[in-house]
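The values are calculated or read from the model by the stated rules, or taken from the named source; none is laboratory data. Computed from a prediction, not measured in an experiment: that's the story for all the values here. Neighbour counts run over all protein chains shown; Cβ positions are idealised from the backbone, glycine included.
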Amino acid sequence: MRSGGKIAADIRGVFAARSGGNIAVIGGVFAAMVAAAGFGAYSLLSSDDSGDPLSAAADAKPSPIKTGPPSATEVQTTARKFLAAWAKGDAARAAAFTDSREDAAAALTGYRKEARISGVSLKPGQRTGQTVPFDVSAVISYGGKKATWTYDSELTVTRGQLGQALVDWKPSVVHPGLRRGDTLKTGEAEAPPIKAMDRNGKELTEKEHPTLHGVLAGLRERYGDKSGGVAGVELWIARAKANAAGAGDAKERPNETLKVLSKGRPGTLRTTLDAGLQSATERAVSKHGKASAVALKPSTGEILAVANSPADGFNTAFQGSYAPGSTMKVITSSLLLEKGLASYDRRHPCPKYATYGGWKFQNDDKFEIKNGTFAQAFARSCNTAFITQAEKLDDSSLSQQARDVFGIGLNWQTGVPTFDGSVPVQSNAQMAASLIGQGAVRMNPLNMASVAATVRTGTFKQPYVVAPSVDNRQLAKASRSLPPDVLKQLQSLMRLTASAGTAAEAMAGLGGDVGAKTGSAEVDGQKKPNGWFTAYRGDLAAAAVVPEGGHGGDSAGPVVAQVLRAGG
């Protein structure tokens, strides 16, 4: 039998070989310290604590590996020791209390060196389960300038592979705005500040339009050095590039200023946004806990408004990536009409069920339309009317139609980061699902507002928020427009849906040249589908998504209708 000292020595050897891995806490001495530690007495953490997880005696008898969630005492003690080491500036020691030593050490070292932060005080709050919130107060110093920076964050304690209690390391522990690959930096700002103006010369401020936070940051990053301003000294989040691990599949997010040490002089930048319609769109989405909407001008592609709820959340309106549900049937219908597989007033099948590629598809509430026309099927949003045509289409047909006619996925140059939609080539059941906006198809309100705008004018006009003449960039162009007879039928389909179909209730009272399409996209794990709605009225197109909103006509429909009314 191997002695306890030999086993402990072997375990220490494992520790030495595992750089950046989970570190075990063993030994009776440290266990006694944990039991005796009091958490509530530490209101402000300093640097006089001890107890590195590596300090256990080599000849101590090993304790059994613990399993299950950490106890309250373990959570409190681990959090206290981690925060104390961080406050002292000992990045290596603080990282030893995490489940990712290498990443944590790099982030905490950068916190001091790259972000120029010192004098850190950390005040833990009341534990909730395995999570401990804490307040941060720090001093930023750069070039003789100093500023106090305060914010809130939190950490969660988890069970390590060898049974020890460790901080579950995430970049958001350092600051809630950080994601994987992001860093904090202090210095002369990479771009001067800007004064963004709307299309009528009114300044657009984040205070008045908080939902423009991400858009204004993106405009500054791209146009700050082209607008005649002078950079100041700031602390900011330097975002990871879009192709970096964990950065997501949308274009890169703009850097974010967290603290200004000295103000620069802003330059002026004219945008296509309309302050009045922007306010109306913000009010419309604010009626939902989560919602996003975009409005644009079909004749030019100019973006007039963009809003998200919550206002300080992710810019889903421009960068979201959701299955668009039945709003995708606008693109699919254009394909069927062009190929002669459907016609506005021709009889078209709409059975309760349709099978393709081994999947059985059905309509909402399993309805059917007997001896109905394609127009009736579109207005009622019949899924099987599209699935029955899948066998007559090539796998790449829908992808080509979306790209060549509607400009989806053509690398739009809007002036700020955007996700420009994706309709990948699919086969079998996945191809059929794509026809009704499920499967791997991905869109956001910007994309779907553009789809409605393309139907309104017949030609894709790439959306943009800054005129291309400002920086001589080339806008994306679709390779062709819809044939006149197909366009006329598609407009009639959307007009019927707005007046007597699934969009009629939301569009009630909106006169003039109107068209609309509803959508509901099923998502695994959600009790209710995401609600979608896209529509146009005259020279104004808009689209909205309400995650977990249910039927698009009931959730996203009123949002879009309110925007269209506000636009006159």
*Have a look at A440, A476 and point out the one that is part of a loop (DSSP other than H, G, I, E, B), of a type in the set (A, V, I, L, M, F, W, C) and surrounded by fewer than 17 Cβ atoms within 10 Å (Cβ to Cβ).*
A440
_I'm told D485 meets every condition in (1) of a type in the set (D, E); (2) part of a helix (DSSP H, G or I); (3) closer than 24 Å to N308 by Cα except one. Can you identify the failing condition by its number?_
(3)
*Give the residue that is surrounded by the fewest Cβ atoms within 10 Å (Cβ to Cβ), with candidates limited to residues of the stretch 215-235 that are modelled with pLDDT of 90 or more and either touching a Phe, Trp or Tyr at 6+ places or on another chain (Cβ under 8 Å) or not in a helix (DSSP H, G or I) (or both).*
L235
*Mind checking whether some residue in the stretch 330-337 is polar (S, T, N, Q) and under 20 Å from the mean Cα position of the chain (by Cα)?*
no
*So which residues in the stretch 169-199 are farther than 21 Å from T150 by Cβ and of a type in the set (D, E, K, R), if there are any at all?*
R179, R180, E188, E190, K195, D198, R199
*For the stretch 355-414, list the helices (runs of 4 or more DSSP H) that sit wholly inside it and hold at least 3 residues that are in the same structural domain as K461 (by TED's automatic domain parsing), of a type in the set (A, V, I, L, M, F, W, C) and on the phi < 0 side of the Ramachandran plot; which are they?*
374-380, 384-387
*Inside the stretch 194-212, can you point out the residues that are part of a strand (DSSP E or B) and free of Cβ contacts under 8 Å to residues at least 60 places away in the same chain?*
E203
*Tally the residues that are within 20 Å of L540 (Cα to Cα), assigned to a loop (DSSP other than H, G, I, E, B) and in contact with an Asp or Glu (Cβ under 9 Å, 6 or more places away or on another chain), restricting the search to the stretch 297-346.*
4
*Could you please let me know if S434 is surrounded by fewer than 24 Cβ atoms within 10 Å (Cβ to Cβ), on the phi < 0 side of the Ramachandran plot and either assigned to a loop (DSSP other than H, G, I, E, B) or assigned by TED's automatic domain parsing to the domain that holds V306 (or both)?*
no
*Mind counting the residues in the stretch 102-122 that are on the phi > 0 side of the Ramachandran plot and without any contact (Cβ under 8 Å) to a residue 24 or more places away in the chain?*
1
